[in-house]
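See below for the structure under consideration.
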Amino acid sequence: MTAARIGLGLAALLLAADAPALPIDQVIAAERAFAEDGLAHGINVSFPRHAAPDAIIFAPGPVNVRERFAGRAPEAQNPGLDWWPVFAGAARSGDLGFTTGPYALQGTVSGYYFTVWRRQPDGSWQWIFDGGGEASVDQAPAKGSPVARLAPSAGHAASAEA
């Protein structure tokens, strides 16, 4: 192998390492960071921290999450809510995405969550809807399982306004 080929190979590796992550990978990373923050600091801190200003949850009707959590002190004891994505997708436009997977309370898998994510003007991702419910969890994938990725549409990419 010549020095020129080695140099080209190293340059290609360096360029690939600097390539930005795909939107779907960014959404998965945002979900995992949200979940880790929830375990570390509790939901009173993590939910509004990772939410867009207009994010909603149902309690039981739609409410703004930042208003719902405003003024709440951090939990004295973590409620033990953990969750992990096992399926994710991102819009071809790269501005919206979703994750879904099981959640556990105090180590017992209890149901599934669904989170919708929106890219912010600074390039970060914040969630705009988060919800979950109890469901049969007999065959829930374990934490750390590979995340299935929904392929982006091959059709025409519409604008966010559309």
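Structure summary
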| quantity | calculated |
| --- | --- |
| Mean Cβ count within 10 Å, highest first, over the residues of peptides 53-61, 101-109, 24-32, 89-97 | 24-32, 89-97, 101-109, 53-61 |
| Other-chain or far-sequence residues with amide H under 5 Å of residue 125's (modelled H) | 120 |
| Size descriptor, Kirkwood hydrodynamic radius, that averages inverse alpha-carbon separations across the range 58-144, Å | 14.7 Å |
| Check: the range 36-162 dipole with +1 on Lys, Arg Cβ and -1 on Asp, Glu Cβ, in debye | 160 debye |
| Mean Cβ neighbour count within 10 Å, used as a protection proxy, ranking 115-122, 141-148 highest first | 115-122, 141-148 |
| Projected label distance in nm at residue 92 and residue 137, using a 7 Å step from Cα toward the beta-carbon | 3.7 nm |
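No lab work stands behind these numbers, since they all come straight from the coordinates. As the structure is a prediction and not an experimental result, all values here were calculated from the model. Please note: Cβ atoms are built from the backbone with ideal geometry, for glycine as well, and neighbour counts cover all protein chains shown.
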